[in-house]
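What follows draws every value from the coordinates through simple rules; no lab data is involved. Predicted, not measured: the structure shown is a model, and the values here were computed from it. Positions of Cβ are generated from backbone atoms using ideal geometry, with glycine treated the same way; all protein chains shown enter the neighbour counts.
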């Protein structure tokens, strides 16, 4: 489901909405990890797109040092992140990253405003580029 962004939509994005269940669609799976996109959260408008992604490594991974921890756990079982794509510039940035235990317990988070988030060039022939092409070539 696609939603065209509006000024009200941007406000809801930053202040959040009541929790809704996600519709996770597998993007890829390797011997090391699987990745999914929440099709219900997909928003495309103008020259940008945003989507929640879930990364599930086969083995628990270390929580990044700069994440704000809610427990003393050092490893996470899966990560959910909100990605923004700047379609015209071919760049992507993480606005929010949440790290979870296998039972769904939030272990740590990183949060940034979309305007101040670090955006990176999307590498060619990467998973990010495949997702970029899907998101940024759909007419808004």
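Over region 7-136, what is the relative contact order in percent, taking alpha-carbon pairs closer than 8 angstrom and at least six residues apart? Don't skip to the answer; put the middle values down first.
Details: 242 pairs, mean separation 23.0, N = 130.
Over region 7-136, the number comes to 18 percent.
Taking the number of Cβ atoms within 10 Å of each Cβ as an exposure proxy, the fewest-first ranking of 36, 55, 99 is 55, 36, 99.
Round to a whole angstrom and tell me the spacing of the C-alpha centers of region 40-74 and region 81-140. Each part reduced to its Cα centre gives a spacing of 8 Å.
Please give the FRET efficiency for residue 22 paired with residue 112, using the beta carbon to beta carbon distance and R0 = 25 Å, rounded to the nearest 0.05. Write down the numbers at each step before the final one.
Working: r = 21 Å, r/R0 = 0.85.
So, using R0 = 25 Å, E works out to roughly 0.75.
Each of 28, 132, 85 was scored by other Cβ atoms within 10 Å of its Cβ. Listed from fewest to most, they are 28, 132, 85.
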